[in-house]
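Visitor: Sending over a structure as structure tokens; questions will come in a sec.
The values are calculated or read from the model by the stated rules, or taken from the named source; none is laboratory data. Just so it is clear, the model here is predicted, and its values are computed rather than measured. Cβ sites come from the backbone with ideal geometry, for glycine too, and all protein chains shown count toward neighbours. For accessibility, only protein heavy atoms count, side chains too; no ligands or nucleic acids. Shrake-Rupley method; radii C 1.70, N 1.55, O 1.52, S 1.80 Å.
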Amino acid sequence: MMEHLKQVIKAYEKWVASNPEVVCDVETTTKWVSYFIAGRISNSSVVSELVYTLSNIMVLYNDRIIHNSRQLANAARAANDALESEELLDVSGSKICYRLKVMLTTLEYCEVFLEISAKRVFSNRGKWIIIAILQTMKALGRYFILIHSTERIIATPTLPTLNRRTFTKKGNISKSSGNNKSALNAQSYAYKLKRSGRVVRRVEGAPPLQCRSFKLNEEINEMRREQVPKILIQAEYIYIAKPLIHLAAMGMFGQKSWKQYILALMMDLVSINIYQKNRDLMTKRQQLILSHRCINLLLYIVRSPVYERYTQSKLNNFLTFATNSIPIVKMLTEPLKEYIPHWQNTYYYLWST
């Protein structure tokens with residue numbers, strides 16, 4: 001039985017590695033099924049979240065398969081190309097940090113399903129106990145990654161999805177230009193120590209004496225940006241601690257209180273402001289994560305108590321106007337009006353989104 005199961009898994013991994021585009025279509029279809037199920041069958045919230053959770057875990061598993069297959073195919077590539085491929089998947093730091101990222105990403109994909117299930121089994125109190133446990137585990141894991149790796153701003157999810165088009169294209173280019181890699185790798189004159197993040201220039205990187213300017217080249221400057229001041233680490237500490245502090249404030253002041261809302265918003269703004277002041281010291285990838293956090297501030301308009309006092313009425317008026325003005329849109333707006341209250345009640349407290 002186990003041998004047969006192993007053969008099935010190997011055959012599936014081989015198929016995924018050979019057909020990444022088809023796999024992507026299947027994953028997208030599965031996610032759309034979860035949206036279609038919501039509100040149409042009994043216990044739809046649990047079933048739709050289960051389908052959505054499984055689709056995300058499938059994406060995570062398939063990303064590992066595709067990444068590992070490309071790594072095996074390009075095992076002879078030099079350290080510079082290996083570093084670039086790791087950046088595409090965000091596999092930096094030690095193996096322990098990488099495994100922790102996989103665990104945290106899986107937890108982030110499963111948290112809503114676990115919370116909804118806990119509410120049905122253990123009532124509302126059990127739900128909030130599960131939320132407290134999950135947020136504590138996520139915060140501890142992120143603190144560990146921050147301390148034991150060179151990352152200074154952690155993405156959400158902790159291990160972002162693989163950019164398969166770029167990754168596959170890069171793998172194809174490496175196959176067709178394998179003979180030229182040694183010449184290109186010779187141009188990499190610096191490398192970064194995984195543990196400390198210190199940038200070290202190779203011996204081969206020293207130019208002739210008469211040509212030396214004693215200035216770091218662009219490659220080293222880009223790598224230096226990952227060695228950011230401690231104030232940026234403190235900004236990430238604030239961002240990581242926000243869910244736990246917000247959760248405690250909700251317990252003290254109530255879920256609909258302005259105090260817990262303003263506290264979470266202020267922590268977000270303080271963290272983002274520190275990063276913005278030192279944006280020139282951040283890498284492009286870190287700046288992209290920061291931009292996502294800035295955009296996510298818009299989610300505060302659908303969180304309590306702003307949603308109940310302002311957003312809900314205006315959103316309903318807009319959907320009603322669209323339904324009466326554009327007949328074809330009715331097929332979309334009516335289900336949307338029914339689903340938005342459920343969505344807001346389920347997701348408004350997710351600080352990591």
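Visitor: Could you order the peptides 249-257, 107-115 from most to least packed, using the average number of other C-beta atoms within 10 Å per residue?
Guide: Put in order of decreasing packing, that is 107-115, 249-257.
Visitor: Just the number please: accessible area per residue for the range 239-352, 1.4 Å probe, all protein chains included, in Å².
Guide: 57
Visitor: A further question follows. What nm distance separates the two modelled labels at V306 and N278, each placed 7 Å from Cα along Cα→Cβ?
Guide: Using points 7 Å along Cα→Cβ, the separation is 2.7 nm.
Visitor: Want the number for I96 to T320: 0.36 nm per residue separation, take away the alpha-carbon distance, what's left?
Guide: Gain on stretching I96 to T320: 75.5 nm.
Visitor: Among residues other than G126 whose Cβ falls under 14 Å from its Cβ, what is the net charge (Lys/Arg +1, Asp/Glu -1)?
Guide: +3
Visitor: Using 1/(1 + (r/R0)^6) with R0 = 45 angstrom and r between the beta carbons of N124 and T29, what's the FRET efficiency to the nearest 0.05?
Guide: 0.85
Visitor: For the range 262-353, what is the convex hull (Cα atoms) projected area averaged across all directions, in square nanometres?
Guide: In nm², the orientation-averaged hull projection of the range 262-353 is 7.6.
Visitor: Determine the share of the range 239-352's accessible area contributed by carbon and sulfur atoms, expressed in whole percent, with a 1.4 angstrom probe.
Guide: Carbon and sulfur atoms account for 68 percent of the accessible area of the range 239-352.
Visitor: So how far, in whole Å, is the C-alpha centre of the range 96-162 from the one of the range 9-31?
Guide: So the separation of the two Cα centres works out to 26 Å.
Visitor: If Lys and Arg each add +1 and Asp and Glu each add -1, what is the summed charge of the other residues whose beta carbon sits under 14 Å from the beta carbon of Y261?
Guide: Taking every Cβ under 14 Å from that of Y261, the sum is +3.
Visitor: Find how much the distance from K337 to Y12 grows on full extension, using 0.36 nm per residue of separation minus their present alpha carbon separation; answer in nm with one decimal.
Guide: Fully extending the segment from K337 to Y12 adds 113.0 nm.
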